[in-house]
Amino acid sequence: MITQTINLNLIPGSLLPRINVSQYDNGSRTLQFNLYNGVSPYEIPSGASVSIVGTKADNTGFEYACTYNGSLVSVNITDQMTAFAGEVQAELRIRQSGEILGTANFIINVERAALSDDTQISETDIPIIQRIPEILEEAEGYAEDAQHWAEQSQVYATGALHWKGSVAFANIPTSGMIVGDFYNITNDFTTDSRFDEGAGIKCAAGTNIVWDTNNKWDILTPSTVASQVKYDNTTSGLSATNVQGAIDELNSNLTPSSTKHISTTYSDQYFESCCNKIGKLVVCSVMTKCSSTLNNTTVIYGRLPYAVKELLEFGWTPLAQNASFSATSFVGANSKDINLQISGIYNADTYMRANFVYVTNE
């Protein structure tokens, strides 16, 4: 970055310094001003603010905040300062508590660019033309925000942002605002009817807001509150459309809302079961007992509360040391009945535990 250093006197009457820049310069040049009060360096008071203001050749103005340290003031050249070729009458303004403590004038001489922004590019510049489809595709990704920033461009194009400081939300002004006044909010807050975005938007501490051309506050920095972040539920099976909603929905699904009992076709068997449904995943744990003996047979052993699309895992565990059987299970034709294939003898009054993990369409 190019740095230009200029000596500037707060006492009028001397020859105004001239600063040469190029048309359309933007962020590539820093101006550093050494301030003097006559022959002595001028120390800027603590707590004061310094800005650069000016009137361009098209009779529109700009104002930007500067940084300072003692008597040294720094500011970056922006495209608004160099948009038009010609002389720009400019000055530094030093303010404290709403009063102007001093000004120092100078001239920014904007040298005309060899190629203006509205000059038609020669058709022989084939590489640029070939990239037009790519450029359009990239631009498509910003379509959602385009309208919002287009409306705010009236503020930014004039360079009329006025830094007003950091305040709590309760202390932002309710009257006397001008377009471009912007604040940093130091606490979490929820927008009200004074905001362009409408009421009810939760914003985190550190959010910047600006008074816009609609005579409303506008959020400059996006919210990082989970309820305001969009969530794509295309593949998850959740109904939530924001991150906080998805978290809440998963949390509610992890806590069983009720105990579902699996029905049975055998009056001498009973089930104590708990089935948890998380999205489209179902987890069941079943305790069974049979009061009669089953010997090498297949039975319809129970009915699941949700239809089975895919049985991911199952297992049968005998809960008696003298058990002399093993079992495998498979889903019946109606997608809910669980069939049990007994190998050996399932003795009466023998307990066993069954576990199912499966995916459902419901």
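For segment 175-223, the tally of residues that are in a loop (DSSP other than H, G, I, E, B), among the polar types (S, T, N, Q) and over 24 Å from Ala65 (Cβ atoms) stands at 3. Selection over segment 169-195 of residues that are within 23 Å of Lys230 (Cβ to Cβ) and touching a residue at least 40 places away in the same chain (Cβ under 8 Å) gives a count of 0. Only one of these conditions is not met by Leu340: (1) of a type outside the set (D, E, K, R); (2) loosely packed, with under 12 Cβ neighbours inside 10 Å; (3) at pLDDT 70 or above. Which number is it? Result: Leu340 passes all but (2). In summary, Phe62 fulfils each of the numbered conditions (1) over 17 Å from Asn26 (Cβ atoms); (2) modelled with pLDDT of 90 or more with the single exception of condition (1). Selection within segment 1-12: residues that are more than 20 Å from Asp79 (Cβ to Cβ) and in a strand (DSSP E or B). The member of this set that is nearest to the chain's Cα centre (by Cα) is Thr5. If you filter segment 270-316 down to residues that are modelled with pLDDT under 70 and of a type in the set (S, T, N, Q), you find that the one that is surrounded by the most Cβ atoms within 10 Å (Cβ to Cβ) is Thr288.
Evaluating Ala320 against the criteria (1) at pLDDT 70 or above; (2) in contact with a Ser or Thr (Cβ under 6 Å, 6 or more places away or on another chain); (3) surrounded by fewer than 14 Cβ atoms within 10 Å (Cβ to Cβ); (4) not in a strand (DSSP E or B) leaves one unmet condition, (1). Inside segment 26-56, residues that are out of contact with any strand residue (DSSP E or B) (no Cβ under 8 Å at 6 or more places or on another chain) and over 20 Å from Asn69 (Cα atoms) make up a count of 1.
If you go through segment 175-187 one residue at a time, do you hit one that is at pLDDT 85 or above, within 24 Å of the chain's Cα centre (by Cα) and farther than 23 Å from Ala48 by Cα? I'd like the intermediate steps shown before the answer.
Residues of segment 175-187 that are at pLDDT 85 or above, as a first pass: 175-187.
Still in the running and within 24 Å of the chain's Cα centre (by Cα): 180-187.
If we keep only those that are farther than 23 Å from Ala48 by Cα too, we end up with 187.
Yes; the residues of segment 175-187 include at least one that is at pLDDT 85 or above, within 24 Å of the chain's Cα centre (by Cα) and farther than 23 Å from Ala48 by Cα.
Evaluate the following for Leu8: is it buried (at least 17 other Cβ atoms within 10 Å of the Cβ) and of a type outside the set (Gly, Ala, Ser)? Yes, satisfied.
The values are calculated or read from the model by the stated rules, or taken from the named source; none is laboratory data. This is a predicted model, so every value here is computed, not measured. Here Cβ is always computed from backbone atoms with ideal geometry, including for glycine, and neighbour counts include all displayed protein chains.
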